[in-house]
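Written out below as structure tokens is the structure these notes cover.
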Number of protein chains: 2
Amino acid sequence: MKRESRLVRWIWWTVVVTALFLLGFCIGWFSKPSKATTNNHKTSSKYLVEFLDEMQSDLIRDHLRKFTRLPHLAGTEQNLKYAEEIMKEWQDFGLDSVEMVPYDILLSYPNKSEPNYISIVDHNGKEVFNTSLAEPVPHGYEDVSNIVPPYSAYSPKGHPEGDLVYVNYGRTEDFFQLEREMNISVTGKIVIVRYGKIFRGNKVKNAMSAGAKGIIMFSDPVDYWAAGVKPYPDGWNLPGGGAQRGNVLNLNGAGDPLTPGYPAKEYTYRLNPEEGVGLPKIPVHPIGFHDAIHLLKNMGGQVPPANWKGALNVSYKTGPGFTEDFKSHKVRMNIYSNNQVTRIYNVIGKIRGALEPDRHVILGGHRDAWVFGGIDPMSGAALVHETVRSAGKLLKKGWRPRRTVIFASWDAEEFGLLGSTEWAEDNARLLQERAVAYINADSGIEGMYTLRVDCTPSLHTLVYNLTKQISSPEEGEEEFSLYESWHKRDNWTNDRDAPRISKLGSGSDFEAYFIRLGITAGRARYTKNKKTERYSSYPVYHSVYETFEIVEKFYDPTFRRLRAVAQVRGGLIFLLADSQVLPLDANEYADSLRKYADSIAHLAQTHTELMETYKVSFESLFSAVENFTNAAKGFHERLQTLNIEDPLQVRIMNDQLMYLERAFIDPLGLPGRPFYRHVIFAPSSHNKYAGESFPGIYDALFDIENSADPEKAWREVKRQISIAAFTVHAAAMTLTPPA
Amino acid sequence: MKRESRLVRWIWWTVVVTALFLLGFCIGWFSKPSKATTNNHKTSSKYLVEFLDEMQSDLIRDHLRKFTRLPHLAGTEQNLKYAEEIMKEWQDFGLDSVEMVPYDILLSYPNKSEPNYISIVDHNGKEVFNTSLAEPVPHGYEDVSNIVPPYSAYSPKGHPEGDLVYVNYGRTEDFFQLEREMNISVTGKIVIVRYGKIFRGNKVKNAMSAGAKGIIMFSDPVDYWAAGVKPYPDGWNLPGGGAQRGNVLNLNGAGDPLTPGYPAKEYTYRLNPEEGVGLPKIPVHPIGFHDAIHLLKNMGGQVPPANWKGALNVSYKTGPGFTEDFKSHKVRMNIYSNNQVTRIYNVIGKIRGALEPDRHVILGGHRDAWVFGGIDPMSGAALVHETVRSAGKLLKKGWRPRRTVIFASWDAEEFGLLGSTEWAEDNARLLQERAVAYINADSGIEGMYTLRVDCTPSLHTLVYNLTKQISSPEEGEEEFSLYESWHKRDNWTNDRDAPRISKLGSGSDFEAYFIRLGITAGRARYTKNKKTERYSSYPVYHSVYETFEIVEKFYDPTFRRLRAVAQVRGGLIFLLADSQVLPLDANEYADSLRKYADSIAHLAQTHTELMETYKVSFESLFSAVENFTNAAKGFHERLQTLNIEDPLQVRIMNDQLMYLERAFIDPLGLPGRPFYRHVIFAPSSHNKYAGESFPGIYDALFDIENSADPEKAWREVKRQISIAAFTVHAAAMTLTPPA
């Protein structure tokens, strides 16, 4: 018994010792954090909600109020002061770093001692009518100095004099109609066109190509008056004395005209001023419709076609003395503006990424304004400001995004997207290796109807998911999501039951990021009802009437619309920066490619016979799209089985997602447009504002029926189809398993 | 006592329990592998040694023997057969995947029914002398068919006839001397030049620019005979009937002349043949010196300067009948070659990386040969083959590299680096995001003296470290390392006490990878004694005498030199693919940049006054180099403190190292050379074989004293300095902490 008892005791002892050891072992094993888990900083939806909720309408209002008191044109002291304030506040909000990044770029200003204007001169050369030198200043701003009068930035100096010819909107098709159908030449004449439909720089280019010696642009009430709305300050329509400022460059993405391709630093080589990229060669000037009426009366003999009639047509068609009193009158432009190399300032703020500091998500928008910038751009800049503030709050609570977030307050956007493009050139190496996405933050509002999103296809799904988490800002829709509110107002066409999302065009600071560098990009703002409101942008666009008050009184009295836009932009940044797996959707890209391929092939089908003659086929492109579609599908299937505990495997698939957009970049660029390098998207060659899909093919097909050398023209179509097919194949390859 | 004893027992129990628990806990804690450690697949130096030791001289000999029995010109059936054999053997060796990648590119062949030759014609137009139609075939190969006769690939067809003018090596400076000092014009004449010093395509370009209507190239014994060596087969000198084949393109990196910038796939758009990039416009033909003697006698009246005398000078200067018998004789070229689009085949083999399959290390060399390719390229291809075999052995032992390794057997290198360039174009997106390094594997041996390495500066340190681990192949040096043997024979100049490493030029398949895409690159081979052996490449270069036997009898009878080269190339691949932290050295790049900046500034100093007049300064470039130097230093300091247990932190710093070379790429390319995009290195504009540092500045300064518009010329110098300075600054930025 004793031996037995000892045995039992030993057994008991062994069991206890083993059990204790095992217990310790297990606790030790499981309590040790595995490296991967530590690293797999997961997105906290709690933080997203906090981030969005923290954004406040009242503060957006305050930011807007603060930064719209004084004119702050690029290159002026006031715009530097605002930059310094923004820098200081971003530091106070808690960003890790904020810096001021200057460049010395070519800007253009009116001559303060010799104002620009346009005259009607009689046969003795006497000026019998002069256009106004400035817009009537709105109430409350009478004592403000430094309001730059309406002008066309980068117009050369000059005093052309001649007959005036009206060319509708100055579009390519308008000049075709004038020259081919009406048999009117503008060579040696001065052209007058109405604003709208296309980017003003394209109008100027068309006038130059047609041989005009000057061009005048005016805002016709048909295009700049909303029905039933009064002119500012009683409503938000453009007064007759208001005119649209704006640059008239054709930069095609070059940035500073004197330093194309390189940042405009102190040591940078500059072209001679006359060699500058995209500078107009003929004088250009904008006027309001009160002045335009007078000039239009002087178009001796020209009877514009019915479809060219604006609101002012009565004057220029049958006005008093038409073809009689004014027969010998000419129009003279008097332009004294100067181009000068001037220092500008971007403000760049950063939140260092916790795990992947070398992955960058950028929220950028401009700060410079033509005058006060009540809408453009401060209704966007105020939202960036509020986003930074909200992010700072979160940082103080211990949050830190997985990836680095960069906030940018760009300068000199109004002069050709210059601040943002110079910074892109300066940082091109870093951006092409490290940039995950660029979200643009220009004007937050241009109408009172619903949300408008333009973005690359891989962001579609993220935009939909995010807007479902944001509330509608519209009164009476408190229980609806922004998605629902937007969906109801702007459903996609037959294609799909979801809110419409459009292609990115250009005309704002995302251009260099998206179209030159191939960075995933998007923009969001509140917009008008496109079906019923036909004016371009909004009536007071680029006039002195873009004040804080126009937003507060008319566009967004509660500032809830702007808050919703801030939440969309900020939410995109948040999710792109903080999601473990990048929320990008290659399948959506595949769908869009198919649509674009169908569309361009359809366009070409108007020339079926010639396509047969020259053996032009879209087969290779469709086959490439098919290949891409399969690659995208396969990629997302593999993504489902990704081991998210393995930081390298996560990084590898994220890199594939990040570099997808980059794969569409052709380093050789589009024909004649070396800085437009995206094969799928480019600004239209006929309207910088609009996005064109498969732009190389589109441009090769354009007006091909009038080509002087059809064989050569169709060879170019084939070349462009081949480039597009290859590029889509190459992009598909990036989505396959990497080895 | 009892209570005390119980207390003691309790204490004892508690201690035991706690101790056991702690023991278990500790064992549990420490025995659990942390994720990071699992992932941090460390380089096993044991595996490196095994990998290098596995490579065998006898097998290299066997591979070389096997693939040099028959001519295997690009585009021929035999070259496809070798491709298929290589593919099969690589599969057998154990690669994860091997595929054949075809392209359809423009090749050039002599017309089989109408051979090319050159005649001397008398005043009646009668051909009084014709050059030989083929080289005498070496012993043992008499029955071999399909030996292509010497020709200049891509020469247009033509029959130019005219006086012959001798222009030494046909270099830029030779034409300058002829035209400016000797006042001889070659317009409308046929030029004859000796081979050597520069790439033959540059000679042709110079002759075209000078207005010649044809160009003949010959191998002068001064340039192609080693002293005291007999002609093949008794020695390794070039027989008098031997001639150098070769392409005479000026592609500047474009790849297939008909598909510049894009891979030559079936669907790819092709230029019209006459639009092809880099095609010579005048007939070109190569001859041996037995034939050259006859032609040189016909240069009526031209007395070449003393420094132009080759071994044949006696003939053309004072030969029988000089200026008398032959005064009315002319030279006629008869060229019937055809350009034709032909299918070629690259073989691509892969070993999938264990941890970072999306990081690629490439070992590539060509397979196509002008005839047998005994030296060029099979002495290199045999080494790739042996490297694949050795890697396969390791794979079977359980080794798998951290990163993906890609082995390539390129086709059509001899026709302008076409196979490798097409594949680079095809895979450009993947390569620019994922390629860590490209190691070239052309001819393994061109002399019997010592090692020769050309590589990008960031590889210097790795090359030195590796060669210290490889044995000298020289007899009697068994106890020395390759490094010591090399160091003894080719010390760097005053700069540094280490073996000399040179810049990469071009003329082999690394070009697209390094100069277009900016991938870290290098090459290694065994070479001659540059100080005593003045011939270019090696005497039988591109002749029918490049046989297996010339290697076995003369260049490397034990095959130990080739084995050492295989170990260098293979060792580089191994360490680049398997080291946890990439073995790249940014500090070496900084040192080289400083040297190059000093050198280009020194060159410009020959124009001190003009530099003052036009305000040209290198200050911005020196400041950029300084900045880069500091950034590199800081980077390597931080690398010392890198937490190698954290896979993301390791990846982030490796990415910085990988992308360093990429940062020197300017997407706009060099002036007139869009596919040469590396701002630091490019093939010389005057000799494709040579590397030029800061090529943009160099070319802007070239012959500037004779510029027609000095102001414009100096502005271009300033522009190039500005681009160089910016690029170096931009590269420095990539080495700073990423946020």
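Projecting 7 Å from Cα along the Cα-to-Cβ direction, the label point of B:GLY672 sits 2.5 nm from its equivalents in the other copies, listed shortest first.
Placing a pseudo-label 7 Å from each Cα along the Cα-to-Cβ vector at A:ASP703 and A:GLN640 gives an inter-label distance of 5.1 nm. Adding -39500 (n - 2.57) for every DSSP H run of four residues or longer, then dividing by how many residues chain A holds, sets the calculated 222 nm ellipticity at -11500 deg cm²/dmol.
The orientation-averaged projected area of the convex hull spanned by the Cα atoms of chain B comes to 40.2 nm².
Ignoring lysines fewer than eight residues from B:LYS396 along the same chain, the ones with Cα atoms less than 27 angstrom from its Cα are B:LYS35, B:LYS42, B:LYS46, B:LYS66, B:LYS88, B:LYS350.
Taking amide H as placed 1.01 Å from N in the peptide plane, A:TYR166 has its amide H under 5 Å from the amide H of A:ILE192, each at least 5 places away in sequence or on another chain. Each residue of region B:338-343 was assigned a 3J(HN,Hα) from its phi angle through the Karplus curve 6.51 cos²θ - 1.76 cosθ + 1.60 (θ = phi - 60°); the sequence is 10, 8, 8, 6, 9, 7 Hz, with glycine and proline shown as x.
Going by how many other Cβ atoms sit within 10 Å of their own, how do A:VAL625, A:VAL191, A:VAL616 line up, fewest first? Spell out each step's value before the answer.
Details: A:VAL625 25, A:VAL191 29, A:VAL616 17.
The fewest-first ordering by Cβ neighbours comes to A:VAL616, A:VAL625, A:VAL191.
Across the options B:SER132, B:VAL167, B:VAL144, the greatest Cα extent toward the positive end of the charge dipole of region B:84-169 (unit charges at beta carbon of Lys, Arg, Asp, Glu) belongs to B:VAL167.
In µm²/s, what is D for region B:116-335 at 37 °C and 0.692 mPa s, where D = kT/(6 pi eta Rh) by Stokes-Einstein and Rh is the Kirkwood radius from Cα pairs? Intermediate results must be reported in sequence, preceding the final value.
On the way: Rh = 18.3 Å.
Here the translational diffusion coefficient equals 179 µm²/s.
Is any helix in chain A, taking whole DSSP H runs, at least 18 angstrom long along its axis by alpha carbon and on average at least 0.0 on the Kyte-Doolittle scale, and which ones?
Working: long enough: A:2-31 (42 Å, 0.85); A:77-93 (24 Å, -1.36); A:378-396 (27 Å, 0.26); A:560-578 (26 Å, 0.55); A:586-604 (27 Å, -0.46); A:619-640 (32 Å, -0.44); A:647-660 (20 Å, 0.18); A:710-735 (38 Å, 0.06).
Span-like helices in chain A: A:2-31, A:378-396, A:560-578, A:647-660, A:710-735.
Stretching the chain fully between B:ALA19 and B:ILE147 yields a gain of 37.7 nm (0.36 nm per residue, less the alpha carbon separation). Partner lysines whose Cα lies under 22 Å from the Cα of A:LYS213, excluding those fewer than 8 positions away in the same chain, are identified as A:LYS126, A:LYS157, A:LYS189, A:LYS203, A:LYS205, A:LYS281, A:LYS297, A:LYS327, A:LYS330. Subtracting the Cα-Cα distance of B:LYS393 and B:SER113 from 0.36 nm times their residue separation leaves 95.9 nm of extension gain.
How big is the charge dipole of chain A about its Cα centre, in debye rounded to the nearest 20, if each Lys and Arg gets +1 on its Cβ and each Asp and Glu gets -1 on its Cβ? Mind dumping the intermediate values first?
Numbers: 84 positive and 89 negative charges, 402 e Å.
Using Cβ point charges on Lys, Arg, Asp and Glu, chain A gives about 1920 debye.
Distance between the modelled labels on B:LYS633 and B:GLU477, one decimal in nanometres: 3.6 nm (7 Å Cα→Cβ projection).
For the protein assembly as shown, the alpha-carbon radius of gyration amounts to 1.04 times the rule-of-thumb value 2.2 N^0.38 Å expected for a compact globular protein. Each of A:SER443, B:SER617, B:SER119 was scored by other Cβ atoms within 10 Å of its Cβ. Arranged with the fewest first, they read B:SER617, B:SER119, A:SER443.
If R₀ is 35 angstrom, what is the calculated FRET efficiency for the pair A:ARG69 and A:TYR47, using the beta carbon separation as r and rounding to 0.05?
On the way: r = 34 Å, r/R0 = 0.98.
Computed FRET efficiency for A:ARG69 and A:TYR47: 0.50.
In a simple Cβ point-charge model (Lys, Arg +1; Asp, Glu -1; nothing else charged), the protein assembly as shown has a dipole of about 3440 debye relative to its Cα centre.
To the nearest 20 Debye, how big is the dipole of region B:335-418 about its Cα centre, given +1 on the beta carbon of each Lys and Arg and -1 on that of each Asp and Glu?
On the way: 12 positive and 8 negative charges, 159 e Å.
Roughly 760 debye for region B:335-418.
Cα centroid separation, region B:536-565 to region A:666-723: 52 Å. Across region A:530-541, coupling constants 3J(HN,Hα) worked out from phi with the 6.51/-1.76/1.60 Karplus curve, θ = phi - 60°, read 4, 6, 10, 10, 8, 5, 6, 6, 8, x, 8, 2 Hz, and Gly and Pro carry x.
Taking the Cβ of each residue in B:SER420, B:SER537, B:SER219, B:SER113 as the centre, tally the other Cβ atoms inside 10 Å and list the residues starting with the fewest. Don't skip to the end; give the middle numbers.
Details: B:SER420 27, B:SER537 20, B:SER219 30, B:SER113 6.
If I rank by nearby Cβ atoms, fewest first, I get B:SER113, B:SER537, B:SER420, B:SER219.
Taking a point 7 Å from the Cα of B:GLU552 along the Cα-to-Cβ direction, the residues of region B:126-145 with backbone N closer than 19 Å to it are B:137-145.
Once backbone amide H atoms are built at 1.01 Å from N, B:LYS197 has B:SER536 as its partners under 5 Å, excluding neighbours fewer than 5 places away on the same chain. Once both labels are positioned 7 Å from their Cα atoms along Cα-to-Cβ, the gap between A:THR608 and B:GLN605 label points is 7.5 nm.
Each reported figure results from applying straightforward, stated rules to the coordinates on display, with no laboratory input. This one's a predicted model, so the numbers in the text were calculated from it and none came from an experiment. Note that we place each Cβ from the backbone using ideal geometry, even for glycine, and neighbour counts take in every protein chain shown.
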